[in-house]
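Heads up: the structure comes next, in structure tokens.
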Amino acid sequence: MTDRLNIHTGAPWEAIVGYCRAVRVGSQVAVTGTAAVGEDGKVVGVGDAYAQTKRCLEIIEKALKDAGATLSDVVRTRIFVTDISQWESVGRAHGEMFGEIFPATTMVEVSALIDPEMLVEIEADAIIAD
């Protein structure tokens with residue numbers, strides 16, 4: 001049996017919803033949908049899709065580190081945006097973090113995220129190389 005490592009942030013909604021920021025099983029790490037929330041629990045970069053994307057990716061990077069992975073291990077991202085016309089700002093921020101890594105990615109528009117101030121939510125999957 002492969003060990004499972006759950007990475008929790010301590011956010012109050014983790015217990016309510018029944019999830020954690022990331023899960024590592026063997027060499028695979030899955031990072032849950034991540035929005036641009038600050039340490040105070042408030043949305044970061046209100047009205048700014050670029051700033052929100054950067055914050056999402058910072059949170060993802062920390063979760064990966066806590067799981068023993070790095071951004072270089074990411075093989076796939078999924079980006080959910082509430083306004084697809086902002087794709088260039090979102091894409092620029094994603095490219096700044098992943099421009100040398102080139103994971104597979106998807107960007108789709110959704111009707112809303114859990115907080116109306118949230119413009120972007122990102123998931124990531126990583127495989128840690130031996």
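Values in this text are rule-based calculations from the coordinates and carry no lab data. This one's a predicted model, so the numbers in the text were calculated from it and none came from an experiment. Heads up, the Cβs are rebuilt from the backbone with ideal geometry, glycines too, and the neighbour counts pull from every protein chain shown.
Going by average Cβ neighbours within 10 Å, how do the peptides 89-101, 20-32 rank, with the highest at the top? Can you show the working numbers first?
Working: 89-101: 16.2, 20-32: 19.3.
Packing proxy ranking, top to bottom: 20-32, 89-101.
Among 38, 84, 51, flag the residue with its Cα farthest along the positive direction of the charge dipole of the chain, charges on Cβ as +1 for Lys/Arg and -1 for Asp/Glu.
38
In which sequence would 82, 34 go, from the one with the fewest C-beta neighbours within 10 Å to the one with the most?
Values: 82 17, 34 22.
Ordered by Cβ neighbours within 10 Å, fewest first: 82, 34.
For residue 42, give me every one of the aspartates and glutamates with a C-alpha distance below 12 angstrom, ignoring sequence neighbours fewer than eight places off in its own chain.
Partners found: 115, 117.
For the chain, what does the helix formula give at 222 nm: sum of -39500 (n - 2.57) over DSSP H segments with n ≥ 4, over the residue count, nearest 500 deg cm²/dmol? If you can, show how the numbers build up before the last one.
On the way: 3 runs with 36 residues, N = 130.
Calculated at 222 nm, the ellipticity per residue is -8500 deg cm²/dmol.
Along its three principal axes, how long is the stretch 1-71 when you only count alpha carbons? Whole Å, largest extent first please.
In descending order, the Cα extents are 45, 28, 15 Å.
Taking loop as defined by DSSP and a crowding limit of 16 other beta carbons within 10 Å, which trypsin sites (Lys or Arg not before Pro) in the stretch 26-80 fit?
On the way: sites: 42, 54, 55, 62, 65, 76, 78; in loops: 42.
Qualifying residues, ordered by number: 42.
Considering only 116, 12, 103, give the residue with the highest GNM mean-square fluctuation for the chain, with springs between Cα atoms whenever their separation is below 10 Å.
12
So for the chain, averaging the separation of alpha carbon pairs under 8 Å that are six or more residues apart and normalising by length, what relative contact order in percent results? Before the final figure, lay out each step's value.
Values: 241 pairs, mean separation 41.1, N = 130.
The normalised contact order for the chain reaches 32 percent.
Restricting things to alpha carbons, find the Rg to Rh ratio for the stretch 4-127 using the Kirkwood radius for Rh. Before the final figure, lay out the partial values.
Working: Rg = 13.6 Å, Rh = 14.4 Å.
My calculation of the ratio gives 0.94.
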